[in-house]
1. Determine which single condition B:S162 fails, assuming it passes every other condition in (1) open to solvent by 50 Å² or more (accessible area, probe 1.4 Å); (2) over 17 Å from B:I81 (Cα atoms).
2. Which is in contact with a helix residue (DSSP H, G or I) (Cβ under 7 Å, 6 or more places away or on another chain), modelled with pLDDT under 90 and on the phi > 0 side of the Ramachandran plot, of C:G69, C:G56, C:G97, C:G46?
3. Working only within segment C:181-212, note down all residues that are over 27 Å from C:L50 (Cα atoms) and buried (at least 17 other Cβ atoms within 10 Å of the Cβ).
4. Looking only at segment A:222-239, filter to residues that are open to solvent by 10 Å² or more (accessible area, probe 1.4 Å) and within 20 Å of A:A153 (Cβ to Cβ); which one of those is nearest to the chain's Cα centre (by Cα)?
5. A:A249 is checked against (1) among the aliphatic types (A, V, I, L, M); (2) touching a Phe, Trp or Tyr at 6+ places or on another chain (Cβ under 8 Å); (3) surrounded by fewer than 22 Cβ atoms within 10 Å (Cβ to Cβ) and fails just one. What number does that condition carry?
6. What number goes with the only condition from (1) open to solvent by less than 10 Å² (accessible area, probe 1.4 Å); (2) within 14 Å of chain B (Cβ to nearest Cβ) that C:L50 does not pass?
7. Tell me the residue from A:L20, A:L27 that is within 30 Å of A:A89 (Cβ to Cβ) and touching a helix residue (DSSP H, G or I) at 6+ places or on another chain (Cβ under 6 Å), please.
8. Can A:V109 be described as at pLDDT 80 or above and either over 30 Å from B:K125 (Cα atoms) or open to solvent by 40 Å² or more (accessible area, probe 1.4 Å) (or both)?
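The values are calculated or read from the model by the stated rules, or taken from the named source; none is laboratory data. None of these values were measured; they are calculated from a predicted model. Don't worry about glycine lacking a Cβ; one is built from the backbone with ideal geometry, like all the others, and counts go over all protein chains shown. The protein model used for the area step is the full one, side chains on, heavy atoms only, and it has no ligands, DNA or RNA in it. Shrake-Rupley method; radii C 1.70, N 1.55, O 1.52, S 1.80 Å.
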Amino acid sequence: MAELLQFTITGIAVGMVYALIALGFVLIWKSSGVANLALGQIVLLSSWFTYAMLVQAEFPLWLAFLLVILFALGLGWMIERFALRPLIAQPILALITVTLGIGYFIEGVVIFIWPWSVDALPRLFPREVLHIGPAVVSQEYVWVVGICLLVFALLTLFFRYHKMGIAMRATADDQMAVQACGIPVTTVFSRSWMFACVVAAIGGILISSIGGITQGLIETGLKAFSVVILGGLDSFLGAIVAGPIIGLAESLGGGYLTPYLWAGVKDIIPFIIIIIVMIIKPYGLFGEVRIERI
Amino acid sequence: MSLPSGTRNYTYAQDMAILRTKTHWALFIGLLVLLMAAPLYLSNYWLGVANLIGITLIAAIGLNILTGYCGQLSIGHAGFIAVGAYTAAVLTNRLELPFLVGLISGGLTAGAIGLIFGLPSVRVKGFYLAITTIAAQFIIIWVINHWSVTGGFVGIKVPYASIGGFVFRTETSQFYLIATIAALCTFFAKNLARTRVGRAFIAIRDNDLAAEVMGINLLYYKLLAFFIGCFMAGIAGALLAHWIGFLNAEQFSLTESILYIGMIIIGGLGTTVGPIFGVIFIRLLQQILTVQVVPFLERTFTMMPSGFATGVTPMLFGLVIILFLILEPRGLAHRWALLKSAYRLWPFSY
Amino acid sequence: MSDKNDVKIKIENLSLSFGGVKALIDVSLEIRNNEILAIIGPNGAGKTCLLNCISGFYKPQKGEIYFEGRRITRIRPDKAARLGLARTFQNIELFTGLSTLDNIMAARHVLMKQNFLSSALYFGWAHEEEIAHRRTVEDIIDFLEIEPIRKKIVGMLPYGMRKRVELGRALAIEPKVLLLDEPMAGMNLEEKEDIARFIIDIFEGQGETYPQSPVLRDGVNCIVLVEHDMGVVMDIADRIVVLDFGRKIAEGTPAEIRTNPEVIAAYLGEEKH
């Protein structure tokens, strides 16, 4: 029983982080229709930058955090401005591939600057363990869940009420109409990339504080895709719901199936879920089904 | 095809011909001679590079048919190559079946797995399909790593290819084998492109709803594209297995898949010469980088950070892909076509 | 040319809705051989939806469609093409990466027999088939007077030319029924007269001018035309069906429709005295 509870809490916490990273994806998809395949690498880069700020430069926590946010904003701005804006009218294959190229490039940058490729962030959360029922759980999981929920709430409010949030939703629907209303579409794209990178950065920090910084963070980004697929590509709610589901599936599946099947079953579960979703309900739990007119 | 002025076509066959003028034939035969004589003037090392290029080309032609002509985005091609490679390896190593059986089985198995993972293409497109192929890649590699038959994480040894009693031990002998198969694949791909099946593929890529209303069975042709593309990947994989001699799943990473997409885009999507240009460009760049440039820079600038060597390759290739997409999205094939017409129209080219 | 006026397509009580939007409500009509039928109505009346149902592209919730006595409701679109239903589209849906020639050759798909093996090997069977079909395609290009743009990539052509290429593409299927969705939209007077002339020529068949191409020699004897230009419609249509808000509100000869009060109220506009 204790084991079950432990797996559940870990699963939900990790799943929430997946959801957070997935939100970054949904943000860009909703506002510009671009699929950002460089998500994993952005998470990786942000985590390493956090490390650089906290450990290498030894800045205090508040300053480091601020710098990371600024860095993420800058990164998002740069990617949109230099790699995506030139391709603004191109077919989707070009846009997806350019994000592949960006991801690959960032991978190289990370290896270049931090070639030792594995490290850990210093403790960000208090050390004492909590006792929830019979389970003994490290406090950081609870913190992670809390921070994720906070970010979700902020984003939802932003999208519903703030001018730029509404502009983003409108742009996702109809770019030309938005331009006709005087909203510069390029600003919307730029802002959504910047936000997405910030969200991915926060997700990266959270997950690195649990599991350390490794190349596996790229795979974490790919697992966020499974969240996006399960939840529906253009649904924030879907990402928030699907994240914990995937996290739970991974955690419980890994915990209980590993003794019976192979070690490492845990890693493949999100990808199997992608295939299953594709077969049953390709647009995900909350995604909009597109009807094409001819 | 643009012809020199003064050339007239009097029959449809002439209009459709690939090699139309005497110059075309002469250049073509010259190219063939150059290719077949390569072992005479290339060192063993460069023959090896040529072999790698040949193998990559076969897989790239397959991907070009699937993604370039039919528009089905597939970012898991390295996974399908792995299927072909490991099928051939297991059949020749563990079951001691002849090379040709392994080769064809490698192709067919990869094609079949491609069919299975390509099924979603009937319902979804674009990113959805891309992510499915990425998932396919991960699942395939995971199975390879966790299955004792395929050697688990350790890998599997592969014997030399042999037909009849002849063993393909040297780079030269493998060169002829690989070059022949690559040439055949180019021939088949070109023929597909200019006939009914190729037109169906392009129709599906450009406007699949209209293609269906014109009588093209989307399910059949999308799956066919997956089958042909992955079959070629399987053949390439089998050849790769025998060429390297030892397989390990790390050779078939997601990075390789991304590189393949880069190759066909840089070369020129949906053209016949595109894959040739793209493959040669990327593989030669890899060669030059790892063997010449990096050691040179490391010698001259001793202050290089230690991550330089391993980091510079992804950086450079990522950058190359991005720049090509922004500056020349139609790839080197387009540049080549411009070059040819500039040559023909000189001094009036502009 | 057969003289029989038998029913080619029979539509019975067709109803189509998208969520809460009712696109077609209980539409019944017959499309007969040897006539040009025009379907008219205000925008949003459901004309394109009707054609899309016949093509198999939309699946109606209720009602049936029969083609030559055979039930084709909710059929897969490529099967409809194989049966002999060809159409053009309101927003041109050409294959933008192919040339004019290739677009029309692509439409020969249902009539060709190559599979991927014979295509890949090319020499021999595939080669012969390509040349044989090329002859008919060239006749179609000749008929539609689009030879100058044969080899041009379609994406670069002006609007009027693209409409003609689409017409050629529909002809290439050698259809029994031709469904044209606003073939004259966005054209000036001269272009409209050209297209009208083509439609009549297609209907009548060209006989000896193109003895080797059955589709041009015999013509397409059943044409359905969705149009807004009343002048054209009154001129060339044998029968007219009027739709409004998804319902059929009138059917008859041009003379009858011109004086039908419901049609005038809904579509043609009140007469001013």
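1. Unmet for B:S162, out of (1) open to solvent by 50 Å² or more (accessible area, probe 1.4 Å); (2) over 17 Å from B:I81 (Cα atoms): (1).
2. Matching residue, one of C:G69, C:G56, C:G97, C:G46: C:G56.
3. C:Q206, C:Y210
4. Only one residue fits best here, namely A:F236.
5. (2)
6. (2)
7. Just one listed residue meets the conditions, A:L27.
8. yes
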